[in-house]
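Encoded as structure tokens, the structure appears first; notes follow it.
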Amino acid sequence: LCTYRSNLTGKLYAFVATDQGQLEQWELFMRDGKGTGQFIRRIPAGKGISHCAVDDASAAVYFSEESVGIWRVAAEPEAESTRTVVDLVEPRGTLHEEVKGLAIYRSGQSSWLVAADAGAGAFNVYTLDGKRAGAFTIGGNKDLEVGDAEGLVVASDALGKDYPQGALIVADEDAGNYKIVAWNDVAQALSLKPAPVEAAQEPPHRAARTVQPKVETDPADSYGDAADDPAIWVDRRDSSRSVVIGTDKKLGLNVYDLKGKRLQVLPDGRMNNVDLREGFMLAGKPTVVVAATNRTTRSISLYRFDPATRRLASIADGTLESGMSDPYGLCMYRSAKTNDYYVIANDSVDGKYRQWRLLDRNGKVGIELVREIAVGSQAEGCAADDELGQLYIAEEDVALWAYSAEPDGGDKRTQIDKTEGGNLTADVEGVSIYVGAEGKGYIIASSQGEDAYAVYRREAPHDFVGKFHVVANETLGIDGSSETDGLDVVSAPLGADYPAGLLVVQDGRNLMPSARQNFKYVSWQDVMKALE
């Protein structure tokens, strides 16, 4: 067992090694004056898992698989659980037959991992990124020698004159006692110098804020990477009847109510991104049009949303060919100049966006190509501002851009933020707009590489406001969100839970309990409070 205090949330966790070869993560907290816990996730670790140690500052947990080696994995519950090797047993590494206790030493810029190489009767020291600094044995007179080392712990603070740089404490299983070694003796024996590695820097999320979800949707029917992009429809007459339409990119579209319950499954193909606009005149009637990229038919799928039944029905004039190898990202736009409606989508192969005008063709909807935009590299997320005539595109590894949304807007663009030296971490994914009065509001983008969401002013020059994370709500038993692809936000009040609007984000890793991907609902009022 080892414990972890998150720099992101301040929450306390325990990692527990099980006989089944799993590393279980539990959240520990107080409820009604008593300590309690909640299971979070399982990390595959191997049958021989025996010891673990966590470095809070770098949010990493190290564990030993006795006859295999030492591994590192991210400690944040919403982080990717892929493990990386620190060292392996011979001949693949420098370790001998059995790896036992682990401990972390951190003091200022000096950070080290200590491992009991029981097969060699020695202790290995590594930098936190896995570089071996050397090995030492604990000797002296017979009473002070270590026989069979088990657990280790390191105190990094000074412990009086005998231990000015802290101490390593070893459980000696043969002797049935503990041996205490001055850390300065270890440092001197191995000529250890301060190691300002990445892990020794300040916590990466120190400026980020956190919010908790209020609702999560039913899981997608498809396994693996399935849920992707949501679109919110607001019922202006009765906000409680508002819905979220989400893509299952292996199946089709799902319609959810505000409680997260699924109202409809539309298995029409591998839908990747979705958006909607109200008021399109079709056969003389105002219509809520829902558009999605269909990767099965390489087309644009169009639906009518019926506010009375809260169901979708196709209104496409046949198969609306996109002319793309793999239609990917999508957003819609309604021009304030002409009142024309548009669908804007891109190809995952070359990243180019195409813009089509929607046309009424005898009660069905067709499309007419009016524009192409060459972004430069892989992109997906986009959002169009109907009032300001702006189009925001997330070029995944590069930047968030602002274009004109008008069909004659050309390729001219303005950079809002970037990944290299900016506030975003690749991939940059979903984008949406929180519409306020008089052209004010916010632009929200999924900074997927850090499981965070970046917020910018809607009004030019789109100043950066801050970032936030969606973390677990243990009271409601809802996990946070991570690896987010698509998101959507509305500013309309949707009842007591969402008085300033609703943010919906896709959750790439659905925990508590582990389930297929879904969407999380967040109160925008909570986001505003978190960002002050």
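In sequence order, the stretch 404-421 has phi-based couplings of 6, 8, 6, x, 9, x, x, 9, 4, 8, 10, 7, 8, 7, 9, 8, 7, x Hz under the Karplus curve 6.51 cos²θ - 1.76 cosθ + 1.60, θ = phi - 60°, and Gly or Pro positions carry x. In this simple spin-label approximation, R132 and A120 carry label points 7 Å from Cα along the Cα→Cβ vector, and these lie 0.5 nm apart. Close amide-amide hydrogen proximity is noted between V370 and Q355, W356, R357, each under 5 Å apart and 5 or more residues distant or on a separate chain (H modeled in the peptide plane; Pro and chain starts excluded). Backbone phi angles across the stretch 422-430, fed through the Karplus curve with coefficients 6.51, -1.76 and 1.60 (θ = phi - 60°), yield HN-Hα couplings of x, 9, 10, 10, 4, 7, 8, 10, x Hz in residue order; Gly and Pro are listed as x. Rolling a 1.4 Å probe over the protein heavy atoms gives the chain an accessible area of 42 Å² per residue.
Ordering G269, A118, G10 by the projection of their Cα atoms onto the charge dipole of the chain, which places +1 on the Cβ of Lys and Arg and -1 on the Cβ of Asp and Glu, puts G269 at the extreme positive end.
For the set K285, K337, the ranking by accessible area, highest first and with no ligand, DNA or RNA atoms included, is K337, K285 under a 1.4 Å probe. Ligands, DNA and RNA left out, the accessible area of the stretch 233-370 computed with a 1.4 Å probe is 44% carbon and sulfur.
Taken one residue at a time, the phi angles of the stretch 367-374 give Karplus couplings (6.51, -1.76, 1.60, θ = phi - 60°) of 10, 9, 5, 10, 6, 10, 10, 9 Hz. Gly and Pro are set to x. For the stretch 1-139, carbon and sulfur atoms together expose 48% of the accessible surface, with a 1.4 angstrom probe and every protein chain in place. The stretch between I180 and K161 holds 5.5 nm of extra length on full extension. This uses 0.36 nm per residue minus the Cα-Cα distance. Each label was represented as a point 7 Å from its Cα along the Cα-to-Cβ direction; for K34 and F464 these points are 4.7 nm apart.
Plugging the Kirkwood radius over Cα pairs into Stokes-Einstein for the stretch 393-528, at a temperature of 20 °C and a viscosity of 1.002 mPa s, what D comes out in µm²/s? For the chosen part, D equals 138 µm²/s.
Projected onto planes of every orientation and averaged, the convex hull of the alpha-carbon atoms in the chain covers 27.9 nm². Annotation: the stretch 484-532 has a Kirkwood hydrodynamic radius of 11.6 angstrom, from the mean reciprocal C-alpha pair distance. Shape annotation for the stretch 43-160: C-alpha extents along the principal axes are 48, 37, 21 Å, from largest to smallest. For M281, the accessible surface of its heavy atoms amounts to roughly 100 Å² (probe 1.4 Å, protein chains only, rounded to the nearest 10).
Ordering of 34-44, 289-299, 94-104 by packing is 289-299, 94-104, 34-44, highest average first (other Cβ atoms within 10 Å, averaged per residue). For G69, the residues whose amide H sits under 5 Å from its own are V89, ignoring neighbours fewer than 5 places away on the same chain, with H placed 1.01 Å from N. Counting only residues at least eight positions apart within a chain, or on another chain, the lysines with an alpha carbon under 28 Å from that of K285 are K337, K364. The simple spin-label model puts a point 7 Å past each Cα toward its Cβ; for L263 and R5 those points are separated by 4.7 nm.
What is the distance in Å between the Cα centres of the stretch 458-532 and the stretch 57-87? Cα centres, the stretch 458-532 to the stretch 57-87: 28 Å. In the stretch 20-74, a dipole from Cβ-located charges (positive for Lys and Arg, negative for Asp and Glu) runs towards its positive end, and of L23, V54, V73 it is L23 whose Cα lies farthest in that direction.
The values are calculated or read from the model by the stated rules, or taken from the named source; none is laboratory data. Keep in mind that this is a model prediction, so the values were computed, not measured. FYI the Cβ positions are ideal-geometry reconstructions off the backbone, even for glycines, and counts take in every protein chain you see. Protein only, heavy atoms only, side chains kept; ligands, DNA and RNA dropped before computing areas. Shrake-Rupley method; radii C 1.70, N 1.55, O 1.52, S 1.80 Å.
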